[in-house]
Amino acid sequence: MLESVAASSPIKKRRIDTTGDNSTISASSSVVQHMAFGNNSNRQEIDEDLHSRQLAVYGRETMRRLFASNVLVSGMHGLGAEIAKNLILAGVKSVTLHDERVVELWDLSSNFVFSEDDVGKNRADASVNKLQDLNNAVVVSSLTTCLTKEHLSPFQVVVFSDISMEKAIEFDDYCHSHQPPIAFVKADAFISCVDDERLEFEDGDLVVFSEVEGMTELNDGKPRKIKAHGLIHSPSRRTPQATERDFLFSDFSKFDRPPLLHLAFQALDRFASESGRLPVAGSKRTLSSLYPSPRPSILRYDAQISVFGAKLQKKLEDARVFTVGSGALGCEFLKNMALMGVSCGSQGKLTVTDDDIIEKSNLSRQFLFRDWNIGQAKSTVAASAAAAINPKFKIEALQNRVAETENVFDDAFWENLTVVVNALDNVNARLYVDSRCLYFQKPLLESGTLGAKCNTQMVIPHLTENYGASRDPPEKQAPMCTVHSFPHNIDHCLTWARSEFEGLLEKTPLK
């Protein structure tokens, strides 16, 4: 079974210094045989230059398990494509893409691998080649027929992003009864956000007690790791009606809303299961007959317009955006904005700048780059790849440092912007961009990553505090990915030495 690594709880802000029959599978029989592997099958050693960041975060043993895993991803709309992309970049053994539907024009607003030439083709087949380009060490294939339980046996993990509740229960039962068990993941949507709160403690932290009255034996200064043992009771998917304690209330003025939303989603799933599609919003025919003809999609951004409206879509298309950085975060931002149609209108333009060049270690995280791009400018390659996602994307690539080139990024440049998006890897540059946005009263989207942690912050003029207005408390311990890969002070060196000592003389002998 694939060993998962749980992400730490996000923090408010963090200064980041480093950033029906098997014959229909569209792969040769040798590939299918390769997928039905035994746990003893060998694979090439881990490429430490390519996966250096992953090794620092996950560890070598987790990476070995990851490399030996065969994964099925069912549902190749936007969410399925993102899941498949991340698995392929991480370096699993094989990924099989499943979908029975064909590409429609509105799919191009969420799935970055589709182009207008793919409209009418099977989603899984249209995704294989472009996803394979992300990592040639991973076997990528497609399955286009109706999925059955027998298809699941070669896999260690199966992921469903577009499946009915009845099928989910059927496949879930099979995966749990299979030997060895198969990890089953179903997600329609999962969004989590922690606002206005700093989480100082995390799982695994050691706590020292002092000045305790009544139990003075705790005052010896020795840290104690507490582990709570007990059974975890998970509600069954078959429960027809959730109880009140199952709901997480976000608005305490509307206690009756969560049960109603739960019933609404049950009704929606029932409708989709019986009719094979989702209802048309605002359609009287849907209300009267429940079987209307769907409105033909004629626009690339139909799905987006149905949620946010045509007026906002027009604003996105005419937006003038400045993206600072085109690394791991920058690639994701450029991809998302190209899919959304940002800066694709007559008045729109996106400027991206990054003075860095592409290295081999970037390829496992920065999906717009390929091995033949090593040594080239990040911003230029990223801009070209983003423009390939959406040919109407108006993007300009620069290789200038922001703080040192006010002759390029002058007052006229800043005044003409709609929004600024930071994708930086150091605090000083973040503070400089924040100061310029504060001076010119421009919205700033700030974010950062550190290992498995991430943070986001929206800076809106006259509404929120700016990035430099507050600071997090200093880190009490350096992140292990920095210690092992990028030590730059004496504390990092000491921590690294101790970790190596324990690994060689304590943990290894115990094994």
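Restricting the search to region 423-470, which residues are more than 21 Å from HIS488 (Cα to Cα) and either among the charged types (D, E, K, R) or in contact with a His (Cβ under 8 Å, 6 or more places away or on another chain) (or both)? Correct list: ASP434, ARG436, GLN441, LYS442, GLU446, GLU465.
Take GLU82 and tell me if it is in a helix (DSSP H, G or I), within 30 Å of GLU317 (Cβ to Cβ) and not small (Gly, Ala, Ser). Considered against the rule, which asks whether it is in a helix (DSSP H, G or I), within 30 Å of GLU317 (Cβ to Cβ) and not small (Gly, Ala, Ser), GLU82 comes out as yes. Exactly one residue among SER346, SER361 is over 17 Å from the mean Cα position of the chain (by Cα) and either modelled with pLDDT of 95 or more or not in a helix (DSSP H, G or I) (or both), and that residue is SER346.
The values are calculated or read from the model by the stated rules, or taken from the named source; none is laboratory data. These figures come from a predicted structure and were not determined experimentally. Please note: Cβ atoms are built from the backbone with ideal geometry, for glycine as well, and neighbour counts cover all protein chains shown.
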